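Throughout, read-outs are computed from the coordinates displayed, never taken from laboratory work. No experiment lies behind these values; they were computed from the predicted model shown. All Cβ positions, glycine included, derive from the backbone under ideal geometry; neighbour counts span all protein chains shown.
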Amino acid sequence: MRAAVLNAIGDDKLELRDDVSTVAPGPHEVRIGVRACGICHSDLSAMDGTLPALAPGVVGHEGAGEVLEVGSGVEHLAPGDHVTVSFVPPCGTCPSCLRGQTHLCPVHAIAAFTSPRFRLGDTPLFGYAGLGTFADEVVVPAAGAIKIDPAVPFETAALVACGVLTGAGAVLNTAAVEPGSRVLIIGCGGVGISAIQGARIAGATVIAAVDPVEAKHPIATRFGATHATTPDGVEALKQEVTAAEGFDYVFDVVGNPATIRSAWDHTRRGGATVIVGAGRGDAMVQFSAQELFLHDKRLLGSFYGGVNVARDTQRMLDFWRAGLLDLDGMISRRLTFDDINDGLGVLREGHSDLIRQVVTLG
Ligand code: CXF
Ligand code: ZN
């Protein structure tokens, strides 16, 4: 089958092959025919070493498809079911799962670094984040296959699997933004646009979007931002829309020390700064010991939107069906497998009006 292979960390291109295979699904695993996958910035971060990944491997971690085969112990799925995939399949029994924080379940996330599920001849290939959706098929834990209504187009569903859950989940779960809140969102890519839409769903009355690329501003507005500006304009906007107090909630969807610091600085005393962007392990952010107590702000990390993946995938698709969440409008480019390197290049360059690129497979 086809798969886009990352031969070594640091490569800026994937090798598009047609001779990759998956392992056979174990008793609690399923084989999925990938029908659509999104290209997320974290795929670039896997390639350039910003986020942990193993090579050789298959990249891609946002997708939807059809169940082809189920292991002997799988009861809740059957061939033909339509699913999205999750990069954190909940084990159901670890301390994180038992306390209801299934998005922090380490069991399968760790296994992703020890159990390669692709092969190229005799060479094992790892699936990025336990997935590897830039491939015709993936084998994943059954708990990582989230059954969806077959009426939802695969391209639409694919977006939910990472970007939408991460962005809208940060607003609705991690921050639990209340109606009437004044919200600032820094970064208007696929995750930032999802956060903007989440803030609209939550009933925020000010949704200010920040992006250095001015072409992104009308896009942010289309998805619900009430204001949009470049980083230089944030201070003036804060003065204008919060009477200089600062925003109730600020979401950093970039992951750089400068944007994280800016998010903190533009949060009001008693408000919350939420870090959604996936930054480098060695990038440090400074806070003074005094401001941390004096400003009484909450600094919240948000991993995978704090989701319960089955509940929230259903919820996002319900929002979409109700006309509250525009998923189809987020698809900026539709690609084929052969275009994956082009798509990665376009994302790396930061194309002016890009939200999400979706690859159709199968
Ligand atoms: C990432 C987080 C690290 C694993 C892969 C996915 N989140 C969003 O892209
Ligand atoms: Zn992602």
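Considering only alpha-carbon pairs that sit under 8 angstrom and 6 or more positions apart, the relative contact order computed for the stretch 97-140 is 27 percent. Close amide H partners of Glu69, meaning residues 5 or more places away or on another chain with modelled amide H under 5 Å apart, are Arg31. Only aspartates and glutamates eight or more places from Lys297 in sequence, or on another chain, were considered; those with a Cα closer than 14 Å are Glu245, Asp248, Asp265. With only Cα atoms counted, the chain has Rg and Dmax values of 19.9, 64 Å. Straight-line reach from Lys216: taking Cα to Cα under 25 Å and skipping same-chain neighbours fewer than 8 places apart, the lysines in range are Lys238. Add +1 for every Lys or Arg and -1 for every Asp or Glu among the other residues with Cβ under 9 Å from the Cβ of Ile331, and state the total. Here the count lands on +1.
Express in % the proportion of alpha carbon pairs of the stretch 60-134 at distances exceeding 14 Å. Here the tail beyond 14 Å accounts for 69 percent of pairs. Here the Karplus curve 6.51 cos²θ - 1.76 cosθ + 1.60, taken at θ = phi - 60°, turns the phi angles of the stretch 294-308 into couplings of 5, 8, 6, 8, 9, 9, 10, x, 9, 9, 6, x, x, 7, 8 Hz, with x standing for Gly and Pro. Here the stretch 26-84 is treated as an ellipsoid with the same Cα gyration tensor; its semi-axes, largest first and in whole Å, are 27, 14, 8.
Binning all Cα-Cα separations of the stretch 215-336 at 5 Å, short to long from zero, yields these whole-percent fractions: 2, 9, 14, 18, 20, 17, 12, 6, 2, 1, 0.
The trypsin sites (Lys or Arg not before Pro) of the stretch 67-170 meeting both criteria, a DSSP state outside H, G, I, E and B (loop) and at most 16 other C-beta atoms within 10 angstrom of the site's C-beta, are Arg99.
The overall shape of the stretch 178-255 is oblate: from the C-alpha gyration tensor, with semi-axes ordered a ≥ b ≥ c, the ratio a/c is 1.5 or greater and a/b is no larger than b/c.
Between rounded, prolate and oblate, where does the stretch 86-181 land on the alpha carbon gyration tensor, with a ≥ b ≥ c its root eigenvalues, rounded for a/c under 1.5, else prolate if a/b exceeds b/c? Since a/c reaches 1.5 but b/c is at least a/b, the shape of the stretch 86-181 is classed as oblate. Over the stretch 275-362, the fraction of Cα-Cα pairs per 10 Å bin, rounded to whole percents and listed from the shortest bin up, is 12, 24, 34, 21, 8, 1.
The chymotrypsin sites (Phe, Trp or Tyr not before Pro) of the stretch 211-288 that meet both conditions, a loop assignment by DSSP and at most 16 other Cβ atoms within 10 Å of the site Cβ, are Phe287. Across the chain, the mean sequence separation of Cα contacts (distance under 8 Å, 6 or more residues apart), normalised by length, yields a relative contact order of 18 percent. Amide H contacts for Cys91 (H built 1.01 Å from N in the peptide plane; partners 5 or more residues away or on another chain; cut-off under 5 Å): Val107, His108. Nearest 5 is fine: what % of DSSP beta bridges in the chain come out antiparallel, could you say? So the antiparallel bridges amount to about 55 percent of the total.
For Ser302, the amide hydrogen comes within under 5 Å of the amide hydrogens of Ile275, counting only partners 5 or more places away or on other chains and with H modelled in the peptide plane. Computed over the alpha-carbon pairs of the stretch 180-222, the distance histogram in 10 Å steps reads 33, 58, 9 percent, short to long. The coefficient of translational diffusion for the stretch 4-105, derived via Stokes-Einstein from the alpha carbon Kirkwood radius under 37 °C and 0.692 mPa s, stands at 211 µm²/s.
Residues considered: Leu317, Leu98, Leu300. Largest GNM mean-square fluctuation over the chain, using C-alpha springs under 10 Å, is found at Leu98. Mind jotting down the distance between the C-alpha centroids of the stretch 162-195 and the stretch 264-279, whole Å? Rounded to whole Å, the Cα centres lie 12 Å apart.
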